[in-house]
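Since the structure comes first, as structure tokens, the remarks are kept for the end.
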Amino acid sequence: MIPLTHPTVQRLLAIMDQKHHWAYPALTRPGLTRKQLLVHFQHEYATYVRDFPVLLARALGQVPDLPDVRRALAENLYEEQTGGLSKSAPHPELFLRMMEGLGFSRDDFEESALDRDLHEAAASYKQWLRARSVESPWQAAVALLTIFVEGSVNERAELEGSYVRRRGEDAVKHHALVVHYGCPPSAMQLVRAHGDVEGGHRGDAWRIVLDHTKDETIAKIVVETCMDALARWQRYRDGVAARLGIERDHSLTAAPPVVAATR
Ligand SMILES: [Fe+2]
């Protein structure tokens, strides 16, 4: 059990509560054009999906002699780059299969063309993730990737046990891409793989942070890194929304709440 009242957990959850973007609802309901869908997914892929295993490897590369931490990260990395635990395929590859299910071609996701065309806020978030994943303290790099990037706005509810993520065929059947955009369930292996293995990795992520941020200074840097990530991620999502031509309706979306101040 992860103690939700632990000060570092509380601060990180206050950040995760805000990992929501005003344009998200538009992305999970019908109405987007193929071009809008493509631009959204091209950005997700180039910004953190394609290179996520490498980011994990970079963070793992700076972990000192702590076998439990190294093992948890190695296991996560193994799944991300091979799909070995879920008996599927590398997650970036599963993502591309999902794109093919939507009718896009692999050429639409070719590395150099994509990277040239990224919104500047996306490029900046991507470069920052890459740089930050090899900076000390290692705890901040690991929390950034395994809590902030891999985690979602549902983190608190999942830890509390009040929200249980759909899994397997149930998750596939209810997925917006299947329901609204005609993606065949057979192309949704990524969702199945995440349902199969991600639960364990979420627990590992929180345990690592709890066990290795007892030093106040380290805990502060961990929280500040994730706050920085949230601001950069929001700018990245704003940039993608601008590219998609989705306008914010201020009468329906409130300004984000302020992150709890850190000591
Ligand atoms: Fe993944």
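The values are calculated or read from the model by the stated rules, or taken from the named source; none is laboratory data. Please read these numbers as outputs of a predicted model, since none were measured by experiment. FYI the Cβ positions are ideal-geometry reconstructions off the backbone, even for glycines, and counts take in every protein chain you see. Please note that ligands, DNA and RNA were not included when accessible areas were found on the heavy atoms of the full protein model with its side chains. Shrake-Rupley method; radii C 1.70, N 1.55, O 1.52, S 1.80 Å.
Couple of notes before you dig in:
- Tally, over the range 204-237, of residues that are assigned to a helix (DSSP H, G or I), farther than 12 Å from Ile15 by Cβ and among the hydroxyl-bearing types (Ser, Thr, Tyr): 2
- Odd one out for Leu102, checked against (1) open to solvent by 20 Å² or more (accessible area, probe 1.4 Å); (2) more than 20 Å from the chain's Cα centre (by Cα); (3) not polar (S, T, N, Q): (1)
- Checked against (1) touching an Asp or Glu at 6+ places or on another chain (Cβ under 7 Å); (2) closer than 20 Å to Arg235 by Cα, His43 meets all criteria but (1).
- Within the range 51-59, one or more residues are of a type in the set (Lys, Arg), more than 14 Å from the ligand (Cβ to nearest atom) and surrounded by 15 or more Cβ atoms within 10 Å (Cβ to Cβ).
- Close pairs (8 angstrom Cβ cut-off, 6 or more residues apart or separate chains): acidic (Asp, Glu) in the range 5-19, not in a helix (DSSP H, G or I) anywhere: Asp17/Val153; Asp17/Pro257
- Selected residue [within 16 Å of the ligand (Cβ to nearest atom) and either under 18 Å from the mean Cα position of the chain (by Cα) or farther than 29 Å from Ala121 by Cβ (or both)] from Leu190, Leu210: Leu190
- Odd one out for Pro92 among (1) modelled with pLDDT of 95 or more; (2) open to solvent by 60 Å² or more (accessible area, probe 1.4 Å): (2)
- Helices (runs of 4 or more DSSP H) (entirely within the range 74-176) containing at least 3 residues that are farther than 22 Å from Lys19 by Cα and within 16 Å of the ligand (Cβ to nearest atom): 91-101
- Screening Val197 with (1) in contact with a Leu (Cβ under 7 Å, 6 or more places away or on another chain); (2) more than 16 Å from the ligand (Cβ to nearest atom) gives one miss only, at (2).
- Selection of first residues in the range 229-254 that are at pLDDT below 95 and of second residues that are assigned to a loop (DSSP other than H, G, I, E, B), restricted to Cβ pairs under 6 Å at least 6 apart or on distinct chains, gives the following pairs, ordered by first then second residue: Ile246/Ala23; Arg248/Trp22; Thr253/Trp22.
- Against the conditions (1) surrounded by fewer than 20 Cβ atoms within 10 Å (Cβ to Cβ); (2) within 16 Å of the ligand (Cβ to nearest atom); (3) without any contact (Cβ under 8 Å) to a residue 60 or more places away in the chain, Met1 satisfies every one except (2).
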